[in-house]
Amino acid sequence: MNENVLREGLLATARSMAASGLNAGTAGNASVRCARGFLITPSGRPYEDCTGDDMALVAMDGSWSGPYAPSSEWRIHRDIFAARPEAGAVLHAHSSFATALACHRRDIPAFHYMIARFGGDSIRCAPYATFGTQALSASALTALENRNACLLANHGMLVFGGDLRHTLALAIEFETLCEQYWRACQLGTPAVLGPVEMAAVIARFKSYGQAQAANGPGLINPPPSDLD
């Protein structure tokens, strides 16, 4: 995709993070893969004051260009793009419910089947490391093994998807699950789905949202999956 289009898309995504309640102020960051490396939101800049040209271009060796320095979390974004070829965009936010759980350093168990949306039967919480460090990036990559989202202890959430739109949607869905888990915990320890139950859900998610082949001319397709 044209780099200028990606710049505008990244800026729109960053602004949507605040509008959707994922972020406030200059906290959090987002990035998108491009031909020359990746574009990432600038460090410490209010997104409403930015233009697409303000998005920093970072090469995979860490060198960068642009009017402003890249987000201090550029290492996490770079390392996800390097390790996960399916990642087209990455989003990090200090959303309220994800951060509350992260401050308790809790994994999120399979209290709801939609946990499978993020790749497995739990969402892990990465151990704490100082923001902007290689140690935090390494911790995050471990928590993301076979997953596309994790919590960062005493910090927030981290999500990646195929493109900017997909990643923002996943982040909003992740924050909703964090809120639901937090609320469920107010009544005690929630019931958790077992390995067999979650294996069935994960198998069904492999075709969730995918185009389905028609039965043939004049034939009616079967009812859609009852996944939400």
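The values are calculated or read from the model by the stated rules, or taken from the named source; none is laboratory data. Small disclaimer: the values here were computed from a predicted structure and weren't measured. All Cβ positions, even for glycine, are placed from backbone atoms using ideal geometry, and neighbour counts span all protein chains on display. Each accessible area value is taken on the protein alone, full model and side chains, heavy atoms only, with ligands, DNA and RNA left out. Shrake-Rupley method; radii C 1.70, N 1.55, O 1.52, S 1.80 Å.
Over the stretch 77-215, what is the relative contact order in whole percent, taking alpha-carbon pairs under 8 Å and six or more residues apart?
Reported relative contact order: 32 percent.
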Accessible surface, per residue, of the chain when the full set of protein chains is kept, probe 1.4 Å, Å²: 49 Å²
In whole Hz, with x marking every Gly and Pro, tabulate ³J(HN,Hα) for the stretch 132-140 from phi via Karplus 6.51 cos²θ - 1.76 cosθ + 1.60, θ = phi - 60°. x, 9, 5, 5, 5, 4, 4, 4, 5
Restricting things to alpha carbons, find the Rg to Rh ratio for the chain using the Kirkwood radius for Rh. 1.00
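For the chain, give the percent of accessible area contributed by carbon and sulfur heavy atoms, probe 1.4 Å, rounded to a whole number.
The value for the chain is 55 percent carbon and sulfur by accessible area.
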At q = 0.16, 0.18, 0.25 Å⁻¹, what log₁₀ I(q)/I(0) does the stretch 94-188 have when each alpha carbon counts as one equal point scatterer in the Debye sum? -0.59, -0.75, -1.41
Report the longest stretch of the chain that contains none of the chymotrypsin sites (Phe, Trp or Tyr not before Pro) sitting in a DSSP loop with at most 16 other Cβ atoms within 10 Å. 132-207
Relative contact order, percent, the stretch 137-196 [alpha-carbon distance under 8 Å, six or more residues apart]: 16 percent
